[in-house]
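I have placed the structure first, in the form of structure tokens, so that the comments after it can refer back to it.
The values are calculated or read from the model by the stated rules, or taken from the named source; none is laboratory data. These numbers were taken from a predicted model, which means no experiment stands behind them. Here the Cβ positions follow ideal geometry from the backbone for every residue, glycine too, while neighbour counts run over all protein chains shown. For accessibility, only protein heavy atoms count, side chains too; no ligands or nucleic acids. Shrake-Rupley method; radii C 1.70, N 1.55, O 1.52, S 1.80 Å.
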Number of protein chains: 2
Amino acid sequence: MRRSVIGGAKRTTTTTCLFLLNHAHHRSLLPPLHHRLDSSSSSSSATALLLLLRRLSSSSSSASSPSPPNMPNPVSVQSINPKVLKCEYAVRGEIVILAQRLQEELKAKPGSLPFDEILYCNIGNPQSLGQLPITFFREVLALCDHPAILDKAEAQGLFSADSIKRAWQILDQIPGRATGAYSHSQGIKGLRDTIAAGIEARDGFPANPNDLFLTDGASPAVHMMMQLLIGSEKDGLLCPIPQYPLYSASIALHGGSLVPYYLDEETGWGLEVSELKKQLKEARSKGITVKALVVINPGNPTGQVLAEENQRAIVEFCKQEGLVLLADEVYQENVYVPEKKFHSFKKVARSMGYGDNDLCLVSFQSVSKGYHGECGKRGGYMEVTGFSPEVREQIYKLASVNLCSNISGQILASLVMSPPKVGDESYESYSAEKDGILKSLARRAKTLEDAFKSLEGITCNKAEGAMYLFPRIKLPEKAIKAAEAAKTAPDLFYCRRLLNATGVVVVPGSGFGQVPGTWHFRCTILPQEDKIPAIVSRLTAFHKSFMDEYRN
Amino acid sequence: MRRSVIGGAKRTTTTTCLFLLNHAHHRSLLPPLHHRLDSSSSSSSATALLLLLRRLSSSSSSASSPSPPNMPNPVSVQSINPKVLKCEYAVRGEIVILAQRLQEELKAKPGSLPFDEILYCNIGNPQSLGQLPITFFREVLALCDHPAILDKAEAQGLFSADSIKRAWQILDQIPGRATGAYSHSQGIKGLRDTIAAGIEARDGFPANPNDLFLTDGASPAVHMMMQLLIGSEKDGLLCPIPQYPLYSASIALHGGSLVPYYLDEETGWGLEVSELKKQLKEARSKGITVKALVVINPGNPTGQVLAEENQRAIVEFCKQEGLVLLADEVYQENVYVPEKKFHSFKKVARSMGYGDNDLCLVSFQSVSKGYHGECGKRGGYMEVTGFSPEVREQIYKLASVNLCSNISGQILASLVMSPPKVGDESYESYSAEKDGILKSLARRAKTLEDAFKSLEGITCNKAEGAMYLFPRIKLPEKAIKAAEAAKTAPDLFYCRRLLNATGVVVVPGSGFGQVPGTWHFRCTILPQEDKIPAIVSRLTAFHKSFMDEYRN
């Protein structure tokens, strides 16, 4: 069944239809109890069943209610917004819900499972796996949270001199030094000035603080642009396959069409402009108005870093075809190979001579990624260039409806774009922390890549950047048949078995999209280095036994 | 023109149509330059015009571009999502954009305006007007932001003993003590336990931590429920008029129908169930499926606190009519009159014998309001009860697409629902800060109410709760004619004149909805007490001169 949705259809004919990632599968085929379980509760299948039975019998069990009329429950799955039903988000989907249940089991009955901890490799969440925050950033945040201590002598002993200085600078940028006030809808102007200066330093081209919209992580910024651009299912967005499922989820929620373009696994997940052109043409022939091109660089889940020449061709394509370029650049600090370098699309466009009037370009950045990995702080921004004042006004209005993003996240976004400099007291410790994390990530990526590549039937491109490997598994026919018998996609079948055997949580490739008939999974490179050998040995042992069980 | 949209239509015939607050007016009639100005930039009308001209001539001025084909700008106001155009959000609308421009002018040319500061009474943003944060809350936040200092001796001198203890408790509730990690999609389980305990202590009825969804303030929670409930314009929500424009904005963005019910100004903004029934019947007769009832208690912008008996009738109405009850209870701590007390709708429903299976009920809470007013922290939650497991799963999915709310906001939500207790080191200072703020707010509400009531043609209900007064102005016919000549709604005309003369920013009643032919404005009670006399005298002088100018 899964294969009839994604796996079985011909690649060229699935491209322009509404790309409803997995939902047909999820809605009709998965064992329903996993879905009914609240993931964080300690309820077992039995209590979920009990809940269900209680609900089914509620019309007869309402003796305690004083009112005779018993209206049906006003909200059923059939009566809610169908776009919500269509949306899927694999990185927190079925596998993760199962993992949370296993974690509860481990807690309740230690020793009851074949592993002693769950290793969440499903999502780029470094600090959940033990990565420590950058000291300087946290010093400044703490001081801005409680400015009353800034003047006290004890603060000198607890905080670096430059963190105290920076906290004062930031407080002076905030009207009334009020870190507890709503800010301007786009974010505090002084912090946007700092971020704009950071972008200028990065790119060598001017950045305007009034083009910046600070957001609670990059996700709300992506939603905001989708909300702006999508009016109906006739509005399409070109998205890479594989893609980060935020895009498919957001497009589904806003009722648009995902127009997929395929990255070429053979050439290290290459992005070919010929493929963009082909898919654009086909979408247009089907009456889709393609509004924008989404590019994720460095790639998620694919880890490739685009070459500048490739980026120039992509800019030219958007310019010629009149497409908004939505550039997901949240992994800009995560590049692990010396032969590749991150270039922002804005820098590339400006270096081609394209100014603000030539191209609608949105760049997304987040404090959740990079070497800092401050996911829980929910900071980020989008830099919005090339739109008319009238459309900008509409974006401003959308930002205003939620008032503003959280101020700690805003402050952190300014710190990330303006870290300590040579000569600052914190510079050395900051550099050591940053380099230590990035070098370790590069080592972990290489170790895991080598491990995957050594396994039977697995090929794996290098993680040049970002935080993921996306290995391809050639599953034996017998395993595919077993998955079909279990009414499960083969890659989900594999990932579920892996989780149950090892506690390692990875996300099936079908959650990201993949060329029909191929199977992958995404695995973060984030477990701490001392965990990597155990992960490799467990993965290896599991894979061998899986292949032994299903080998043709 | 404004009156033909809202003011001129008969009250009974406007009720079930899509209630497009002001947008027809805003789109066609306002001086366009205000809208084109970026509110935070220092650009004047002249530079905005320049930008516009540059854009209009961009096809001839692109000599710097290397590429010959010049596609039209891919995104025009006509091509974006029409729902975005329909949405309006008055509390950050035209008046506020004008205020921000005047603030820039004051900064650039001090003394150039008839006032020396802008007083933002447009939005409930206490700390922007000088209210200080609660010390204990900020101590705990700072310690959780930088746990490395918790063990250091100097911390004892800077932080209270119970804030250190609480920080440890909270850190122990967070997996890996990682305040920089994404949490569970609903929020950190331990913090939800604390909040649930706080709800139980408040209500005397059980609360389940798995019913809580922690969000970046209450606004994203409201959007989430709108997204869930609204599938098309045939889906309606009963909303009070006047209402907080988040509701009209969110309903417009999600393409639903706002079914207005009118609060009765004569009885202190009373909420009559007979009015609910009438409007529901009329909406249904027009083919609208009414999904939910929105109740704001204490009221925004109206400040009334519902009597428990009234709440029981509302619960009964929702139960009998099969409506979800969306209870905006963010002002639950803001009650200023001894004869009224806040009761949560959950407590009222449970005390009537209605259990989890009898009523779909969502309660919204925020850290932005109350005595703490921590707007910039973006913390809040919704307590979701009565939905089937299948629908709950869909709400969980919506929460997951944005991963989680910010952890500082989550921590603060737990603190607000579990503040220091008698015997804790901070209890006395905490109580003094809290009482000082609430008593001062009550005094300010009374002073402003008395001032408004003393003015010619102004009547004003008491602010029993929340943070606002919503006085009614009987405008002279000549003023209404002058407004029409200026193509402006009369209340907007008044508010703009007030701002230009005094620097006081209030929001026209038309932004909240009002009985056609009546005019109001919303004014927060938040300026610090030492500012109140000046505000009163300026308002009084302005109003007198306005009336003298336009008196019939």
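Quick grid of which residues meet (1) without any contact (Cβ under 8 Å) to a residue 24 or more places away in the chain; (2) in a loop (DSSP other than H, G, I, E, B):
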{"site": "B:PRO301", "(1), (2)": "no, yes"}
{"site": "B:LEU306", "(1), (2)": "no, yes"}
{"site": "B:GLN311", "(1), (2)": "no, no"}
{"site": "B:VAL315", "(1), (2)": "no, no"}
{"site": "B:LYS319", "(1), (2)": "no, no"}
{"site": "B:LEU325", "(1), (2)": "no, no"}
{"site": "B:PRO338", "(1), (2)": "yes, yes"}
{"site": "B:VAL348", "(1), (2)": "no, no"}
{"site": "B:VAL362", "(1), (2)": "no, no"}
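Being open to solvent by 10 Å² or more (accessible area, probe 1.4 Å) and at pLDDT 95 or above is the filter here; which residues of the stretch A:517-528 pass it? Result: A:THR518, A:TRP519.
Within the stretch B:175-193, residues that are within 7 Å of chain A (Cβ to nearest Cβ) sit with their Cβ atoms under 6 Å from residues that are in a loop (DSSP other than H, G, I, E, B) and of a type outside the set (A, V, I, L, M, F, W, C), at 6+ positions apart or across chains, in these pairs: B:GLY180/A:PRO133; B:GLY180/A:GLU374; B:ALA181/A:ASN125; B:TYR182/A:ASN125; B:HIS184/A:SER40; B:LYS189/A:SER40.
From the list B:ARG472, B:ARG496, the one residue that fits, being in contact with a His (Cβ under 6 Å, 6 or more places away or on another chain), open to solvent by 10 Å² or more (accessible area, probe 1.4 Å) and either in contact (Cβ under 8 Å) with a residue 24 or more places away in the chain or of a type outside the set (A, V, I, L, M, F, W, C) (or both), is B:ARG472.
Restricting the stretch A:223-238 to residues that are in contact with a Ser or Thr (Cβ under 7 Å, 6 or more places away or on another chain) and more than 10 Å from chain B (Cβ to nearest Cβ), the residue that is least open to solvent (accessible area, probe 1.4 Å) is A:GLY236.
What do you reckon, is B:CYS375 crowded, with 21+ Cβ neighbours inside 10 Å, closer than 25 Å to B:ALA445 by Cα and within 11 Å of chain A (Cβ to nearest Cβ)? Judged against the criteria, B:CYS375 is a match.
I'm told A:PHE521 meets every condition in (1) of a type in the set (Phe, Trp, Tyr); (2) in contact with an Asp or Glu (Cβ under 8 Å, 6 or more places away or on another chain); (3) farther than 23 Å from A:GLN243 by Cα except one. Can you identify the failing condition by its number? Of the numbered conditions (1) of a type in the set (Phe, Trp, Tyr); (2) in contact with an Asp or Glu (Cβ under 8 Å, 6 or more places away or on another chain); (3) farther than 23 Å from A:GLN243 by Cα, the odd one out for A:PHE521 is (3). Pairing residues of the stretch A:209-225 that are on the phi > 0 side of the Ramachandran plot with residues that are outside any helix (DSSP H, G or I) and surrounded by 24 or more Cβ atoms within 10 Å (Cβ to Cβ), at Cβ distances under 6 Å and at least 6 apart in sequence or on separate chains, gives A:GLY217/A:SER366; A:GLY217/A:SER368; A:GLY217/A:ARG378; A:GLY217/A:GLY380. Can you name the residue in the stretch B:382-433 that is facing chain A (nearest Cβ under 10 Å) and assigned to a loop (DSSP other than H, G, I, E, B) and, of all such residues, is modelled with the lowest pLDDT? Top of the filtered list is B:ASN402. Of the residues making up the stretch B:104-123, one or more are within 28 Å of the chain's Cα centre (by Cα), outside any loop (DSSP other than H, G, I, E, B) and either small (Gly, Ala, Ser) or within 20 Å of B:LYS377 (Cβ to Cβ) (or both). Selection within the stretch A:141-173: residues that are touching a residue at least 40 places away in the same chain (Cβ under 8 Å), at the interface with chain B (Cβ under 9 Å from one of its Cβ atoms) and of a type outside the set (Asp, Glu). The member of this set that is surrounded by the fewest Cβ atoms within 10 Å (Cβ to Cβ) is A:CYS144.
Evaluation of A:LEU398 against the conditions (1) open to solvent by less than 10 Å² (accessible area, probe 1.4 Å); (2) within 23 Å of the chain's Cα centre (by Cα); (3) over 26 Å from A:ARG138 (Cα atoms) shows that the sole unmet condition is (1). Taking the condition touching a residue at least 40 places away in the same chain (Cβ under 8 Å) and open to solvent by 10 Å² or more (accessible area, probe 1.4 Å), does B:ILE134 pass? So B:ILE134 fails the test. The number of residues in the stretch A:353-372 that are within 8 Å of chain B (Cβ to nearest Cβ), open to solvent by 10 Å² or more (accessible area, probe 1.4 Å) and closer than 17 Å to A:GLU321 by Cα comes to 3.
Taken residue by residue, the stretch B:440-462 has no member that is crowded, with 18+ Cβ neighbours inside 10 Å, closer than 16 Å to B:TRP269 by Cβ and hydroxyl-bearing (Ser, Thr, Tyr). Consider the stretch B:64-103 and keep the residues that are in a helix (DSSP H, G or I) and modelled with pLDDT under 85. The one that is nearest to A:ASP358 (Cα to Cα) is B:SER64. Answer yes or no as to whether A:LYS487 is open to solvent by 30 Å² or more (accessible area, probe 1.4 Å), over 28 Å from A:GLU339 (Cβ atoms), of a type outside the set (Asp, Glu) and in contact (Cβ under 8 Å) with a residue 60 or more places away in the chain. Judged against the criteria, A:LYS487 is a match.
Within the stretch A:197-222, restricting attention to residues that are within 12 Å of chain B (Cβ to nearest Cβ) and farther than 30 Å from B:LEU132 by Cβ, the residue that is surrounded by the fewest Cβ atoms within 10 Å (Cβ to Cβ) is A:ASN208. Set side by side, the residues B:ALA534, B:ALA541, B:ALA501, B:ALA482 differ, and just one is of a type outside the set (D, E, K, R), at pLDDT below 95 and either touching a Cys at 6+ places or on another chain (Cβ under 8 Å) or in a helix (DSSP H, G or I) (or both), which is B:ALA534.
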